[in-house]
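Taking it in order: structure first as structure tokens, then the write-up.
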Amino acid sequence: METMLSERDDIATAKYGRMKNYVDGEFTDITADRTIPVISPLDGSWLADMPCSSPADLDAAVAAAQAALPAWSRMPIKERVQIFFRYKYLLEKNLQELAALISEENGKTYSEAVAEVEKCIELTEFATSLPQLIAGEVLEVSKGVECRTERTAVGVVASIVPFNFPAMVPNWTIPNALALGNCMIIKPSEKVPLSVGLIALLLQEAGLPDGVFNIVNGDSHMVQAICDHPGIEAVSFVGSTKVAKLVYQRATHQLKRCLALGGAKNHLLVLPDAQPEMTAQNVAASMSGCAGQRCMAASAMVAVGNVDAIIERICIEARLIVPGKNLGAVIDQAAKTRIEKYITEAEEQGAKILVDGRNYTVPGKEHGTYVGPTVIDHVRPYMAVATEEIFGPVISIIRVATLDEAIAIENASPYGNAASVFTQNGAFARYVIDRASAGMVGVNVGVPVPREPFSFGGWNESKFGVGDITGKSSIEFWTRLKKSTVKWNPEAGINWMS
């Protein structure tokens, strides 16, 4: 850990000191004129100072990646993935250390951080299967003439990742992109830059060659520089829809390939025949997991008909979720203020607060930024809590009479990440699956995230670009398809095919 940070000058400095970039296998000082403090949401403690890298810092990282690219991309993929077998082992070996760091800088509970690292392990496991998934095709298309396809690396690529999953979202891209022969520049969120530095150390220990993976710290200015840099061929982004649009437009304007994942407003459709206990547990867990700071969180529940008994159970489950115990903090004070403003505005507009998480303080962690689980009933479809991404442990309940009304509300959202239906009727479930305007749909599942090898990605304004960021679908984004036609026998003559 110490190598990724500058040494502390005295006891008054941040816990981890001053952040460094990771370039060409070494942690290097950053030439910056601006520095952002990294604050733990758990208790408000000062973790680190993150300097904002300059364009020259980015140039150095790109140059290192370009220098490493020829040897790395020409290495057979079955040799490349051996590094990721070792990386997977190191993630398992260092699970507790990485989980503790994730919790400290992001504010989620330790158990949630452990689950995040376990997902990193699963993502890496998938990457080790890539040699079997990208095997090319060969066909004799004419007598003595053979056509063949093969996948080749795109080149130097960039990954811009958010604060809500300091390790998992980076591992959406790192194992697949690198195993497929690319070299990478990653820009972690300025709010949670520490975990990616530890990942760099694990990759180095696994045997990843210098320059293949590089970290450049910074804020929105670095995002813009990455989009504009002529040495970067592809950009992936995960964050808000507003920024995802800008990144997609800017990167593609520079003729780069880009896949930008945005925000969400996920709807849970609860029908009267839903199993009460299972539904209540799933809804409460979905809206409060990771303090609601995930693009797959339940944000709006559409109650179809009389489901009052289920709503009562949801409130019981929500009251069992206690900030500082089994509910983590939101990322900062600005987030806490914004989330609580949504709740207050809904109340002023006539919605009923069944469980109120505002103004919550955890004893002993008075400087932490916590919002308690919040259940809001009788929300109207036009209210901000019903239409906008809150990114907090808040569920808005919209009441309708029919399933078609519920589907119409889900379809009206500009987003399209996820939707779920809770029912014991298979025909109703299929009806929703067919009509939901979302890339990921669940039945009796509060967080319908596909497991590997199935890919992660939404529709509409939750994603800009073609393909998904994980699983088999990611292969298309991280590679180019090369086709070759070969003929050795002159006696076969010439025809229209050769």
### Summary
Rounded to whole angstroms and listed largest first, the alpha-carbon spread of segment 392-498 along its three principal axes comes to 76, 32, 24
### Query
Counting pairs of alpha carbon atoms under 8 Å apart in space and at least six apart in sequence, what relative contact order in percent does the chain give?
17 percent
## Note on the structure
Toy charge model, Lys and Arg Cβ at +1, Asp and Glu Cβ at -1: segment 297-445 dipole around Cα centroid in debye, rounded to 20, equals 280 debye
### Task
Quick one: pull the percentage of alpha-carbon pairs in segment 266-443 with a separation above 20 Å.
48 percent
### Summary
Put in order of increasing Cβ neighbours within 10 Å, starting from the fewest, H221, H267, H378 give H221, H378, H267
### Query
So what's the back-of-envelope 222 nm ellipticity for the chain, counting only DSSP H runs of four-plus at -39500 (n - 2.57) apiece and dividing by all residues, rounded to 500?
-11500 deg cm²/dmol
### Task
Just need the relative contact order of segment 69-154 here, percent rounded to a whole number, with Cα pairs under 8 Å and 6+ apart.
28 percent
### Query
So how compact is the chain: Cα radius of gyration and Dmax in angstrom?
24.2, 87
### Query
What's the angle, to the nearest 10 degrees (0 to 90), between helix 194-206's Cα axis and the longest principal axis of the chain?
40 degrees
### Query
Just going by the charge dipole of segment 266-443, with Lys and Arg at +1 and Asp and Glu at -1 on Cβ, which of I314, A384, I331 is farthest out on the positive end?
I331
## Note on the structure
A correct fewest-to-most ranking of D49, D377 by other Cβ atoms within 10 Å would be D49, D377
### Query
Regarding segment 176-268, what is the average projected area of its C-alpha convex hull, in nm²?
7.4 nm²
### Query
Over all directions, what mean area does the Cα convex hull of segment 1-145 project, stated in square nanometres?
12.7 nm²
### Task
Could I get the Rg over Rh figure for segment 297-357? Both from C-alpha atoms, Rh via Kirkwood, rounded to two places.
0.99
### Message
Only four residue types carry charge here, +1 at the Cβ of Lys and Arg and -1 at the Cβ of Asp and Glu. Report the dipole size of the chain about the Cα centre in Debye, rounded to the nearest 20.
### Response
1040 debye
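No value in this document is a laboratory result; all are computed from the given coordinates. The structure displayed is predicted, hence computed values, not measured ones. Positions of Cβ are backbone-derived with ideal geometry, glycine not excepted, and every protein chain shown enters the neighbour counts.
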